[in-house]
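Asks: One structure, pasted below without further comment.
The values are calculated or read from the model by the stated rules, or taken from the named source; none is laboratory data. Values in this document were obtained by computation on a predicted structure and should not be read as measured data. Neighbour counts are summed over all protein chains in view; Cβ atoms, including those assigned to glycine, are modelled from backbone coordinates with ideal geometry.
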Amino acid sequence: MIVDDTMSVITEFIPVLLIATEGNANFLHHQDQDTNDLIEDEIERVVNSIIAENPDIVLMDLMLANGIRGTEVVRILGRYGFDTSKVIGFSSLSGRDIIEQFENAGAFTATSKSTRRGGPADVVTRVARVVKNMDKSKASI
């Protein structure tokens, strides 16, 4: 499942992820809310949507709409008993600090969603390598 606030990112990854997952990819577009909902209510909706889908892997954007941080969503998922080791930060920003923010929140790691070098297929290949490492880490626990 990709959780992102930018529809063009989701649209860019839909075909590649549907092929890579044999049709089992989900996409959660978190948009700016037109209502006067509290940020906590918006975060709750994102968290509840993820829990309801119970995906094998969550690619979580760092900066969602209305100032919501993906790292906060990860923390709340963990409080609800969701296995946050299934979460990979998925940000247009990159660097060790982004990885640490996600890892400190409970995510497995983070990776860049930038398609500048080779397009969505290359990004999905990179994510697949991360998932493979996740499986190895879980096997050694």
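Asks: Taking the stated definitions as given, is LYS86 touching a residue at least 12 places away in the same chain (Cβ under 8 Å), crowded, with 19+ Cβ neighbours inside 10 Å, of a type in the set (D, E, K, R) and in contact with an Asp or Glu (Cβ under 7 Å, 6 or more places away or on another chain)?
Replies: So LYS86 passes the test.
Asks: Only residues that are of a type outside the set (Gly, Ala, Ser) and either modelled with pLDDT of 90 or more or surrounded by 14 or more Cβ atoms within 10 Å (Cβ to Cβ) (or both): list them for segment 19-38, please.
Replies: THR21, ASN26, PHE27, LEU28, HIS29, HIS30, GLN33 - these are the residues of segment 19-38 that are of a type outside the set (Gly, Ala, Ser) and either modelled with pLDDT of 90 or more or surrounded by 14 or more Cβ atoms within 10 Å (Cβ to Cβ) (or both).
Asks: Right, PHE90: under 15 Å from the mean Cα position of the chain (by Cα) and either among the polar types (S, T, N, Q) or in a helix (DSSP H, G or I) (or both) or not?
Replies: No: the conditions fail for PHE90.
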